[in-house]
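Student: Okay, here's the structure, questions in a sec.
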Amino acid sequence: MPLDHGYGVLVGTLVSHQRDTPDDQGRWFHVNLRVQAPAGVYRCAVDVDAAGSSVGVQWRTFGVDDAGLGPVASLAPGFHLLASTPTSGAVDLIRHPAFRPRPGCVFVTRPPAWLERLSRALASTWTAGDHLAASTALESVLVVGARVLVLGEPFTSGLGVHNVHQNQGDPAGSPWWDENGTWQDGATLVQRAEGGYAAFVSKFSTQADRTDDDGHPV
């Protein structure tokens with residue numbers, strides 16, 4: 001099933017960003033982006049924590065060009081609902097060619113050091129850690145004043161976007177099983193001065209890396 005309140009992309013200008021204030025209530029931490037769009041300033045809650053686990057969240061940062069993003073790269077500022085299909089501009093962290101992890105090269109003999117480093121960089125695999133490390137990784141791509149695209153589920157009250165993380169692969173019995181679906185994953189994209197976008201994506205360690213056509217683990 002899809003997300004309860006739809007899926008789409010917010011296009012706007014990054015005004016500021018701030019981490020949640022730590023407390024002892026067991027909250028799940030976010031980095032909150034304030035994004036200016038024609039309707040006003042949106043709050044985008046990007047997930048960087050999983051119930052306080054030291055390795056509960058995983059993330060990747062990488063570059064993607066305009067062509068790799070498809071239709072969303074040329075959208076006007078504002079929030080746009082997207083169909084959960086491969087052609088709408090929706091993101092699927094398992095299926096989208098520009099967003100799924102790319103395997104590194106396999107060498108018969110050990111390559112030169114520079115080629116080995118390049119292969120590791122191209123692999124773009126998931127990094128696991130706590131919310132502090134994940135927050136730092138996200139903040140490394142944020143540029144105040146830059147054009148941003150934030151993909152996820154719109155707030156039901158007020159201007160905002162949440163579920164900015166992988167939205168498939170949750171196991172049977174979890175509270176989010178019913179929201180599993182393909183082509184509805186969250187992502188944060190920041191336009192770079194030299195062209196293209198810097199991307200930050202996240203998932204939880206309980207979420208599968210392979211899913212069926214309904215977004216359920218296989």
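What follows is calculated from the coordinates using simple rules that are stated; it is not laboratory data. Model, not experiment: these values are computed from the prediction. Cβ atoms come from the backbone with ideal geometry, glycine included; neighbour counts cover every protein chain shown.
Student: Which stretch or stretches of the stretch 160-185 have amide N atoms under 19 Å from the point lying 7 Å from residue 5's Cα along the Cα→Cβ direction?
Tutor: What the label zone holds, given the 19 Å backbone N cut-off, is 160-168, 175-181, 184-185.
Student: Can you put 178, 170 in order of Cβ neighbours within 10 angstrom, beginning with the fewest? Please report the intermediate quantities before stating the final value.
Tutor: Details: 178 12, 170 23.
In order of increasing Cβ crowding within 10 Å: 178, 170.
Student: Shape verdict for the stretch 126-184, please, from the Cα gyration tensor: rounded (a/c under 1.5), prolate (a/b greater than b/c) or oblate. Write out the running numbers ahead of the final one.
Tutor: Values: a/c = 2.30, a/b = 1.31, b/c = 1.76.
It is oblate, given that a/c is not under 1.5 and a/b is not larger than b/c.
Student: Rounded if a/c is under 1.5, else prolate if a/b is larger than b/c, else oblate: which is the stretch 154-218, with a ≥ b ≥ c the root eigenvalues of its Cα gyration tensor?
Tutor: Working: a/c = 2.73, a/b = 1.55, b/c = 1.77.
It is oblate, given that a/c is not under 1.5 and a/b is not larger than b/c.
Student: Only counting other Cβ atoms within 10 Å, I'd like 165, 5 sorted with the fewest neighbours first. The partial results should precede the final answer.
Tutor: Details: 165 25, 5 12.
Exposure proxy ranking, most exposed first: 5, 165.
Student: Whole Å is fine, so just give me how far the alpha carbon centre of the stretch 126-151 lies from that of the stretch 164-195.
Tutor: About 15 Å separates the Cα centre of the stretch 126-151 from the one of the stretch 164-195.
Student: Length gain on complete extension for the stretch residue 76 to residue 194, per 0.36 nm per residue less the alpha carbon to alpha carbon distance? Please list the in-between numbers first.
Tutor: Values: separation 118, 0.36 × 118 = 42.48 nm, distance 2.02 nm.
Result: 40.5 nm gained on full extension.
Student: Here is a follow-up. Listing 194, 153 from the residue with the fewest other Cβ atoms within 10 Å to the one with the most, what is the order?
Tutor: Details: 194 6, 153 21.
Fewest to most other Cβ atoms nearby, the residues stand as 194, 153.
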